[in-house]
Amino acid sequence: MSIAASTSRMPLVRANAPAALDEEQGPGVGRLGLGRAYRAGRLVCGCVHVRISVDDRLGLTWRERRIVGVRFCEPVDDDLRAELTELVRRRGTASERAAERIAPIELLVDDPCGEPQQMIGGLRPPHRHHGPLREIEFGFGQPTRPR
């Protein structure tokens, strides 16, 4: 064994085999997925990064515990890009009202073990309001009905 290999703190892995995943995931640990976004049966974004995590606070229903965040990568439909840009520029209650005006989106998240998972919901304002659009994570949840 060479000196670099003997002093390394990285676990030894055979050839190009990936390291084993930790099977036990603690509360709040999310899973990532890739998917596509559709609106009215039309593809509006070909690459969507979806993060699903669980809020472990007491007193929440199972729907309230699930936290979904989405990042839209290229290519993004022009209409959706305009809506996302408006949502990023707004703050506070103005961003909530802008999110209510956005039509619901259907996500098809690729599942490596089986069929794609379908989620339909509305967008929520992001927590981070600066940077390129592909790096901004929007909230995703049940569609809101206009009042």
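The values are calculated or read from the model by the stated rules, or taken from the named source; none is laboratory data. None of the values given here were measured: they were computed from a predicted structure. Please note: Cβ atoms are built from the backbone with ideal geometry, for glycine as well, and neighbour counts cover all protein chains shown.
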From the list Leu80, Leu107, Leu123, Leu84, which one is more than 14 Å from Tyr38 (Cα to Cα), crowded, with 17+ Cβ neighbours inside 10 Å and in contact (Cβ under 8 Å) with a residue 12 or more places away in the chain? Leu84
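Collect the residues in region 103-118 that are in a loop (DSSP other than H, G, I, E, B) and either modelled with pLDDT under 90 or among the small types (Gly, Ala, Ser) (or both), keeping them in residue-number order.
Hits for region 103-118 are Ala103, Asp110, Asp111, Pro112, Cys113, Gly114, Glu115, Pro116.
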Every residue in region 78-95 that is among the acidic types (Asp, Glu) and more than 15 Å from His130 (Cα to Cα), please. Asp78, Asp79, Glu83
All but one of (1) at pLDDT 90 or above; (2) at positive phi hold for Gly131, so report the exception by its number. (1)
For region 46-67, pairs from a residue that is at pLDDT below 80 to a residue that is of a type outside the set (D, E, K, R) and surrounded by 15 or more Cβ atoms within 10 Å (Cβ to Cβ), with Cβ under 9 Å and 6 or more apart or across chains, are Asp55/Ile67; Arg63/Gly141; Arg65/Val54; Arg66/Ile52; Arg66/Ser53; Arg66/Val54; Arg66/Gly141
Exclusive hit being of a type in the set (A, V, I, L, M, F, W, C) and over 15 Å from the mean Cα position of the chain (by Cα), set Leu58, Leu123, Leu133: Leu58
Residue set Arg57, Arg51; condition closer than 19 Å to Gln142 by Cβ and part of a loop (DSSP other than H, G, I, E, B); output residue Arg57
Would you mind finding the one in Arg81, Arg71, Arg124 that is among the basic types (Lys, Arg), at pLDDT 90 or above and in contact with a Gly (Cβ under 7 Å, 6 or more places away or on another chain)? Arg124
List the number of the failed condition for Cys47; all other conditions in (1) out of contact with any helix residue (DSSP H, G or I) (no Cβ under 7 Å at 6 or more places or on another chain); (2) loosely packed, with under 15 Cβ neighbours inside 10 Å hold. (2)
Would you check if Ala98 is more than 18 Å from Gly131 (Cβ to Cβ) and touching a residue at least 12 places away in the same chain (Cβ under 8 Å)? yes
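Just to be sure, is Ile136 surrounded by 15 or more Cβ atoms within 10 Å (Cβ to Cβ), farther than 19 Å from Arg31 by Cα and among the β-branched types (Val, Ile, Thr)?
So Ile136 fails the test.
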